[in-house]
Amino acid sequence: MKSKKHIINLVLGMSFATALFVVGCSSTENAAVAKSGAELWGENCVRCHNAPSPTAFGDIQWETIGQHMRIRANLTAVQTDKVVEFLKMAN
Amino acid sequence: MNKLLKVYLLLLTMFFISGTLFAQNEEDFDKEDPVEDLAKEVNTLKPGLSRFLMRGYAHAGIEFLKDNTTFVGGSFNPIFLWQQSKRLLFESELELELTQDGTELGLEYADMSYFINKYLTVRMGKFLLPYGTFGEKLHPRWINRLPSNPLGFTHEGQVGPMSDLGVEIRGAVYVTRNAWINYSLYVVNGPKLNDGVDEPEEGGQLHYNNYVDNNKAKSIGGRIGILPLYNSSLEIGLSGQFGKVGTSKTAYEDIGSQLYAIDLSYVTRLDFMKSMLDIKGQWNRVSVDQASYSDPENAGQNYTFENVSNAYYAQLSIKTAFVDNDFFNKLEFVGRYSKLELPSKAVWGGEDTQITVGINYWLDWRTVIKFAYQTLDSSGADDGHSSLTQGDAFLIHWSIGF
């Protein structure tokens, strides 16, 4: 039982180490770079709640909400910036 | 002579100053330009870099329970966001709630975040823990598709924590062209073991809200979320949290806890049904090293048990959002199965199974009226946190996000 526990801990620990390592050498040519802000909004902003309409808030509010969601939803910087740009354009 | 020169210089200065002022007034008068004036006025309204946003959510409802029918709600949660710069955000949420003893004010979270770079954000304070997703990402009432929480996923944390005090790093990154991961790693005060000295009937339970820790050992935890599909529709998350939970300088000081959670989210458009499909699930497993506690049923004696608790739920909802009818495209159908297993040998142990089905009517993207029917099959797990564990119930809630 004890050793099983340690193995699970180890696996979890290693996943995090790998994650941090991957952060260091991630490729920049990814789907978020290729997709439009509208696409990223349609895909990401529906995963927890209904996607908010761009007209729900003004430009300045969207910037703060963007930061809030980047943290809450663990989004990448590129995803967040593109979605916020789209929301500011479409409102 | 010297004095005279000074008076002369003073008079000369006064003359020039008044002259310039006069000239300026004249100039202003000559050059009055409505566009420029307007531009100046608009300039005074420039938002600047510091921003403040107040949002939040509220709910109200009526619950038809086995023994009583009661209006509930009268609570609201204001959220305060202070954006200090492009890199710094402070977030905080309060909960104002009516209770038996009056109005209660709770601090849900209060933490600051600093975006160090594209991949790394550091957070400190009291924050919602990324232990699974329900507590951090799905519990607000305008987001939760049903009027009740799954069994064991209570506000204070029953099997697994909701929030804690500490420090965290988090971020997200693409690992292939289409697949990306998000991660968080944190150190917090961690749960506290109730050793049963004062409350023998609770010996062995974990308490999660520790504003002052009961020992020097901190709990370490984290979550990794994997989004393998090109449209980010699927996320699978693994979480863990480990740490000692006993109070220093007691027989329990070396007792440790191991908390694990697996979560899943799948949200996609079903074109053939003109609907959105949303599947969510989470399994929490909390285990505490074995110890002996005073036996409330046999005074003066101790007893011990395998201290492992599980809570899990699976939820499916279908929102007929793309149907060409103004009534039906606001409807959502939800079903959830949830189970709580507390250590069978503990005096607070037992098993509960809950099934909830509901229909939601969405007034807009963040305002919903939820109708739900809930059954409970209980073999004594003492939830003790909610009237909803009384048995079958019919619930109507109106939730609104701001």
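The values are calculated or read from the model by the stated rules, or taken from the named source; none is laboratory data. Being a predicted model, the structure only gives us computed values, none of them experimental. Note: ideal-geometry Cβ built from the backbone for every residue, glycine included; neighbour counts use all protein chains shown. Just so you know, the surface numbers come from the protein's heavy atoms only, side chains and all, with ligands and any DNA or RNA stripped out. Shrake-Rupley method; radii C 1.70, N 1.55, O 1.52, S 1.80 Å.
Annotations for the structure displayed:
- Surface exposure of chain B, expressed per residue as accessible area with a 1.4 Å probe, stands at 51 Å².
- About its Cα centre, chain B has a charge dipole of approximately 1580 debye under the convention of +1 per Lys or Arg Cβ and -1 per Asp or Glu Cβ, with nothing else charged.
- Per-pair calculated FRET efficiency, R0 = 60 Å: B:Glu32 and B:Glu306 via Cβ, rounded to 0.05: 0.10
- Residue-by-residue Karplus 3J(HN,Hα) for the stretch B:246-253, coefficients 6.51, -1.76, 1.60, Hz, glycine and proline x: x, 7, 4, 6, 10, 5, 9, 5
- Put a plus charge on the Cβ of each Lys and Arg, a minus charge on the Cβ of each Asp and Glu, and nothing anywhere else: the dipole of the stretch B:169-239 about its Cα centre is then about 680 debye.
- Theoretical ellipticity at 222 nm over the protein assembly as shown - DSSP helices of four or more residues, -39500 (n - 2.57) apiece, nearest 500: -7000 deg cm²/dmol
- Computed over protein heavy atoms with a 1.4 Å probe, the accessible surface of the stretch A:35-91 works out to 36 Å² per residue.
- Summed over both chains, the area buried between B and A is near 4900 Å², taken from the accessible surface of protein heavy atoms with a 1.4 Å probe.
- For the protein assembly as shown, with +1 on Lys and Arg beta carbons and -1 on Asp and Glu, the positive-most of A:Ala90, B:Leu395, B:Gly204 along the dipole: A:Ala90
- Relative contact order (%) - criterion: Cα under 8 Å, at least six apart; region: the stretch A:35-91: 51
- Here the protein assembly as shown is treated with +1 on each Lys and Arg Cβ and -1 on each Asp and Glu Cβ, and its dipole about the Cα centre works out to around 1660 debye.
- Summarised as an ellipsoid, the protein assembly as shown has semi-axes of 50, 30, 25 Å, derived from the eigenvalues of the Cα gyration tensor scaled by 5 and square-rooted, with the largest first.
- A Förster radius of 30 Å, combined with the Cβ-Cβ distance separating B:Ile116 from B:Ser50, puts the computed FRET efficiency at roughly 0.90.
- In chain B, the longest principal axis of the Cα atoms and the axis of helix B:2-30 are about 70 degrees apart.
- For the residues B:Leu151, B:Leu363, B:Leu234, a GNM of chain B with alpha-carbon springs under 10 Å puts the largest fluctuation on B:Leu363.
- Percent carbon-and-sulfur accessible area, the stretch B:124-401, ignoring ligands, DNA and RNA, probe 1.4 Å: 58
- At least 50 Å² accessible surface lost relative to isolated chain, residues of the stretch B:233-275 (1.4 Å probe): B:Tyr260
- Rounded to whole numbers, the Karplus 3J(HN,Hα) couplings from phi for the stretch B:221-238 are x, x, 9, 10, x, 10, 10, x, 8, 4, 9, 6, 6, 10, 9, 10, x, 10 Hz, using 6.51 cos²θ - 1.76 cosθ + 1.60 with θ = phi - 60°, and x at Gly and Pro.
- Cut-off under 5 Å, modelled amide H: who pairs with B:Ala291 long-range: B:Phe305
- Convex hull of Cα atoms in chain B, direction-averaged projection (nm²): 34.8
- Of the chymotrypsin sites (Phe, Trp or Tyr not before Pro) in the stretch B:183-282, those whose Cβ has at most 14 other Cβ within 10 Å and which sit in DSSP loop: B:Tyr211, B:Tyr230
- Cross-link pairs B:Lys40/B:Lys126; B:Lys118/B:Lys319; B:Lys345/B:Lys370; A:Lys82/B:Lys280 - those with Cα-Cα distance over 32 Å: B:Lys40/B:Lys126; B:Lys118/B:Lys319; B:Lys345/B:Lys370
- Interface burial in the stretch B:155-181 reaches 30 Å² or more for B:Arg170, B:Ala172, B:Val173, B:Tyr174, B:Arg177, B:Trp180, comparing the full protein assembly with the chain by itself; accessible area from heavy atoms with a 1.4 Å probe.
- Burial here means at least 50 square angstrom less accessible surface with every protein chain in place than with the chain by itself, probed at 1.4 Å; in the stretch B:98-141 the buried residues are B:Phe115, B:Lys118, B:Tyr119, B:Lys137.
- Choice from B:Glu97, B:Glu297, B:Glu332 with maximal GNM fluctuation in chain B (Cα, 10 Å cutoff): B:Glu297
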